[in-house]
Amino acid sequence: HVDRRVDLQLAAFHVVDQRERAVDDSIGVVRTTLVDGKVLPGGGAPETELALQLRQFADSVGGREQLAVEAFADALEVIPRTLAENAGLDPIDSLVDLRASHDAGNFTTGLDAYTGDIIDMQEDGVVEPLRVKTQAVESATEAATMILRIDDVIAAGDLAGGQVGDDDGDDGPAGGMGGGMGGMGGMGGMGGAM
C-alpha cells in the first residue's frame, strides 16, 4: 500500500509541476505580446500560409533544392496537423480544409480546435506573439541546417574513403565544426524572466 501511495504522490507532483510550467509559459506569452505588441493569427494560419508560399516558390526552382523547399513546407504543416490531432479531429481533413481556405486567399484562417471549423483567427482574436513564432521557425531552421551540414560531412568522408580532414592516418575525430548551436537560445520570455 505504501508503494501505491508514493506512486500517486509522485504522479500528483508531476501534474502540479506540469501545470505550473504551463502557467509560467502562458504568463511569458502574455508578457511577450504586451512588450512587443506584434501578433500573428493562431490556429496554424501562419504555418499554412508559409507552406503555401513555399510550395509556389518550389515550382520556380528545380532539382534537389525544390525537394528541400517542399520538405520544409511539409514540416511547417506539422503544427496545424498536430493541433487537429490534439483536438481529436481528422488531421488530413483539417489540413485539406485549411489549405483550401488559404488557396482562396484567406491567409488569416486557422483551425478552431473546439469546433473543428476553419475560421478567421484574427477576427476571432485567436493570436500568438510574433516573437515566439519567429524564434520557433528560426530554431527549427538552424537545427535542420546543422543536420544537413553534418550529413554533408559524413557523405564527404564516405566519398574520401575515411574521415574528412584525416591526413595523418590517425583514426581520431576529424577537426571542424565548433560546439554549440548558435541562435538556439530561449523562447524570448517564454516561462522565464525578461
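The values are calculated or read from the model by the stated rules, or taken from the named source; none is laboratory data. The structure presented is a predicted model; accordingly, all values stated were derived computationally and were not measured. Cβ coordinates were reconstructed from backbone atoms using ideal geometry, including for glycine residues, and neighbour counts include every protein chain displayed.
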message: If residue 25 meets every condition in (1) closer than 27 Å to residue 149 by Cβ; (2) touching a Gly at 6+ places or on another chain (Cβ under 9 Å); (3) touching a residue at least 60 places away in the same chain (Cβ under 8 Å) apart from one, which number is that one?
response: (1)
message: As an exercise: evaluate residue 131 against (1) in a loop (DSSP other than H, G, I, E, B); (2) under 13 Å from residue 39 (Cβ atoms) and give the number of the one condition it does not meet.
response: (1)
task: Hey, can you tell me all the residues within the range 1-50 that are of a type in the set (A, V, I, L, M, F, W, C), within 24 Å of residue 77 (Cβ to Cβ) and at pLDDT 75 or above?
output: 39, 40, 45, 50
- prompt: Give me the pairs: first residue in the range 111-126 and farther than 18 Å from residue 100 by Cα, second residue of a type outside the set (Val, Ile, Thr) and assigned to a loop (DSSP other than H, G, I, E, B), beta-carbon distance under 8 Å, and six or more apart or on different chains, which are they?
  reply: 114/87; 124/112; 126/42; 126/43; 126/112
query: Restricting attention to the range 32-49, which residues are assigned to a strand (DSSP E or B) and either out of contact with any strand residue (DSSP E or B) (no Cβ under 6 Å at 6 or more places or on another chain) or within 13 Å of residue 109 (Cβ to Cβ) (or both)?
result: 40, 41
task: Hey, could you check the range 138-149 for residues that are surrounded by 12 or more Cβ atoms within 10 Å (Cβ to Cβ) and either modelled with pLDDT of 85 or more or more than 15 Å from the chain's Cα centre (by Cα) (or both) and say which is nearest to residue 74 (Cα to Cα)?
output: 141
Extreme residue, surrounded by the fewest Cβ atoms within 10 Å (Cβ to Cβ), among residues of the range 25-41 that are closer than 10 Å to residue 127 by Cβ and of a type outside the set (Val, Ile, Thr): 38
query: Which ones in the range 62-76 are under 15 Å from residue 144 (Cβ atoms) and either touching an Asp or Glu at 6+ places or on another chain (Cβ under 7 Å) or without any contact (Cβ under 8 Å) to a residue 60 or more places away in the chain (or both)?
result: 64, 65, 67, 68, 69, 70, 71, 73, 74, 76
- prompt: For residue 29, are the conditions met, namely being of a type in the set (A, V, I, L, M), in a helix (DSSP H, G or I), touching a strand residue (DSSP E or B) at 6+ places or on another chain (Cβ under 8 Å) and under 29 Å from residue 95 (Cα atoms)?
  reply: yes
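Each row is one residue, and each column tells you yes or no for (1) farther than 25 Å from residue 130 by Cβ; (2) small (Gly, Ala, Ser).
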{"site": "70", "(1), (2)": "yes, no"}
{"site": "74", "(1), (2)": "no, no"}
{"site": "83", "(1), (2)": "no, no"}
{"site": "88", "(1), (2)": "yes, yes"}
{"site": "92", "(1), (2)": "yes, no"}
{"site": "96", "(1), (2)": "yes, no"}
{"site": "102", "(1), (2)": "no, no"}
{"site": "109", "(1), (2)": "no, no"}
{"site": "113", "(1), (2)": "no, yes"}
- request: Enumerate the helices (runs of 4 or more DSSP H) found wholly within the range 57-106, keeping only those where 1 or more residues are under 14 Å from residue 117 (Cβ atoms) and hydrophobic (A, V, I, L, M, F, W, C).
  value: 78-86, 91-103
- request: Only residues that are among the hydrophobic types (A, V, I, L, M, F, W, C), over 15 Å from residue 47 (Cβ atoms) and surrounded by 11 or more Cβ atoms within 10 Å (Cβ to Cβ): list them for the range 81-95, please.
  value: 87, 89
